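Just so you know, all these numbers are worked out from the coordinates, no wet-lab data involved. No experiment lies behind these values; they were computed from the predicted model shown. Counting neighbours? That spans all protein chains shown, and the Cβs are built from the backbone with ideal geometry, glycine included.
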Amino acid sequence: MLTKSSSLMRLVGELKKLPGIGERTALRLAFHLLKSPQNLTALSESLCEVRDRVHPCSTCFAITETDPCSICSGNRDSSVICVIENSQDLMALERSNAYNGMYHVLEGAISPLSGIGPADLRIGELLSRVTEGQLKEVVIATNFTVEGEATALYLTKALKSTGVKVSRLAHGIPLGSDIEFVDAATVQWALQGRNEL
Amino acid sequence: MLQEKLQAIVLSSSDYGESDRIATLFTLEHGRIKGFARGARNSRKRFGPALETFARINLQLLRKDGLSSLKQADVITLYSGIRGELSSIAHALYACELVESITPEGHPVPRLYRLLTTYLERLDSGAGNPEDRRMFEINLLNILGYRPLLEKCSRCGADFGERGALIQSGGELACRICAATGFPMPIQALRELRSCLSTGRFGLVRFTADGILPVGRLLDDVIVSHTGRKLKSLDFLRQTSQM
């Protein structure tokens, strides 16, 4: 009989802490792992490896195993920095193969209602990089939420005195979508930000 | 259980689980309610950007005690003018947090709904400023019945004109005879505050330079005494006003 303090229940408890995992899913995952001891060993080893080897880059704060990360130490355009909220956003931008500059991960966005202000983000480090380096442009790629917009506007003001060009990712109708199914707010923004051909 | 159609302003929302959201809404029909939007982050069709903070929306929901079930939401406006100006975002978020903190759950306050809508429209058309913020606050307190007595001393009932007014803890105003100490409140500033209550439009009342500080102090004290805490968005509001 399994008790609350048993190792299996501890595993269920730990799995439950992960986003999107409830009690039943955690239990299912735990029993699935039990069925295959090799999987369990591989999982535990990879968890330990991640804990010991993965950390934020000391320059751009993206998740990396080397310091500086491969982007900061690689042969990329160092005159442009793209500012993003987290490392997942970096992966999305890299998937596009459309950007060859550097990055700066803020580790979040300004969220006044959650008590997260500019001092809680890597904004000071960004300003140091901008003032110390030979930068031409800062591309702000924070999310298009109220928090992301607040962060973008705050950065624009904070970077104004440095004289560096500040740009923002474009937003509008997604590729491959029909205008009739796009929400009114997105259509409104797409119209406001239309380009001359 | 019947599906209802409501008008609402999103006061705040947070992610829940893999694809859901929980939103706090200020509705015209039922006041402040909390709603659970299953799959809101996946379903662009049912919600789109409708659960963004301070968005004004048309909403379909199943009303329940505690957490209502949100079925669909259509954006009336996202206030793109607010989203393009930092001080307006800071003031709009503060207004939403204030309404969320100070209103009772499930009680309709249509006058406050209209006041919040008018204030957001004002912020949408220009940058946020302290005078509009104070106008919003005194009218909010008045609608909810929390307004301090501005006409006469709250202790002896004497007219302030003869004796002068001092701000006491908790946002009470007392005359100089009833209270020995306190932050002085100019009589002109009290007149301006009363004018805020009689006009229904933002931008008509102008506070004097030496009046806005004590007015702010009085209203901040009253608000803290009713919310029981300092609002989180105030720090950001202060930071943006200094930029």
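Taking R0 as 41 Å, what FRET efficiency do you get between residue A:7 and residue A:119 from their Cβ-Cβ distance, rounded to the nearest 0.05? Spell out each step's value before the answer.
Values: r = 42 Å, r/R0 = 1.01.
Efficiency at R0 = 41 Å is approximately 0.50.
Per-residue mean of other chain beta-carbon atoms within 10 angstrom of the beta-carbon, peptide A:143-151? Can you show the working numbers first?
On the way: counts 0, 3, 5, 16, 4, 1, 8, 8, 1.
Partner-chain Cβ atoms within 10 Å, mean over residues of A:143-151: 5.
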Between residue A:95 and residue A:161, what is 0.36 nm times their sequence separation minus the Cα-Cα distance? Round to one decimal in nm.
20.5 nm
Go ahead and set up a Gaussian network model of chain B, Cα springs under 10 Å, then flag whichever of B:87, B:198, B:68 fluctuates most.
B:198
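Could you give the longest part of chain B that holds none of the trypsin sites (Lys or Arg not before Pro) found in DSSP loops with at most 13 neighbouring Cβ atoms within 10 Å?
Details: sites that count: B:45, B:64, B:201, B:206, B:229, B:230.
Maximal segment without exposed cleavage sites: B:65-200.
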Run the paramagnetic zone check for residue A:54: 7 angstrom along Cα to Cβ, then residues of the stretch A:76-118 with backbone nitrogen under 11 Å.
A:87-88
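Residue by residue through B:68-81, how many Cβ atoms from other chains fall within 10 Å of the Cβ on average?
Values: counts 0, 0, 0, 0, 0, 0, 3, 5, 2, 3, 7, 2, 5, 0.
Average neighbour count from other chains, rounded to a whole number: 2.
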Going down the table (B:152/B:230; A:17/A:136; A:136/B:232; B:34/B:230; A:136/B:230; B:64/B:152), which pairs top 32 Å between alpha carbons?
A:17/A:136; A:136/B:232; A:136/B:230; B:64/B:152
Springs between alpha-carbon pairs under 10 angstrom, Gaussian network model over chain A: which of A:76, A:28, A:122 fluctuates most?
A:28
Within the stretch B:207-232, what residues put their amide N at less than 12 Å from the label point 7 Å along the Cα-to-Cβ vector of residue B:188?
B:207-212
Run down the lysines and flag those whose C-alpha is under 17 Å from the C-alpha of residue A:35, throwing out any fewer than 8 positions away in its chain.
none
Most mobile of B:162, B:121, B:192 in a GNM of chain B (Cα contacts under 10 Å)
B:162
For the stretch B:111-158 and the stretch A:1-79, what is the separation of their Cα centres, given in Å?
50
Given labels modelled 7 Å from the Cα in the Cβ direction, how far is it in nm from residue A:45 to residue A:88?
2.8
Residue among A:50, A:81, A:66 farthest towards the positive dipole end of the stretch A:45-107, charges placed on Cβ:
A:81
Report the relative contact order of the stretch B:3-78, percent, no decimals, based on alpha-carbon pairs under 8 angstrom and at least 6 residues apart.
33
Chain A: relative contact order as a whole-number percent, Cα under 8 Å and 6+ apart
13
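Can you give the mean number of other chain Cβ atoms that lie within 10 Å of the Cβ atoms in peptide B:231-240? Intermediate values should be presented prior to the final figure.
Values: counts 3, 7, 6, 1, 5, 10, 1, 1, 6, 7.
For this peptide, the per-residue mean of nearby foreign Cβ atoms is 5.
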